[in-house]
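Okay, so here's the structure we're looking at.
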Amino acid sequence: MSYAGPASRSRGTTRRSAASASPTRSIAASPVTGHPAPGEVDEEGEYHETDWQQVAIFGAGLALGLALGAGAALLTAPQSGEETRAALRGRARRLGRSTSRRSRDAWAELRDELQSATMSLRRRRAKRAARRALQRELEREATGE
């Protein structure tokens, strides 16, 4: 259900008789709304002009609805503003990295992959060395040295 406005004509809308309206501008009513387009003459010879007061009221209602919706979204957000901003920053960085990676040529991507694999291998070796050192330490303590 929609609001069609007041039953009587409000200001900004003028009514002309068929004699004063141009007969060449006469058109049939729109099949969707059943009303002629603004600025056109309908079959009865009535001239319909845009009611800017109604347009302004609609715009104000739209702005109010947007403001209330944004306020409700902020109040019911599952995270604090700081957490949300941090998450957005992280997503933007990831998107930037992935975009820059895609824009480079295949050799640069291969270099990045090799560097990543090299770092992964170094971390694994370091973990193994640390485990071995810990085992040696435990064996020394067990033998009493």
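Overview of values
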read-out	value
Selected residue (only one of Gly81, Gly34 is on the phi > 0 side of the Ramachandran plot and modelled with pLDDT under 85)	Gly34
Filter pass, Gly144 being of a type outside the set (A, V, I, L, M, F, W, C), out of contact with any helix residue (DSSP H, G or I) (no Cβ under 6 Å at 6 or more places or on another chain) and under 30 Å from Leu74 (Cα atoms)	no
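The values are calculated or read from the model by the stated rules, or taken from the named source; none is laboratory data. A quick note: this is a predicted structure, and the numbers were derived from the prediction, not measured. FYI the Cβ positions are ideal-geometry reconstructions off the backbone, even for glycines, and counts take in every protein chain you see.
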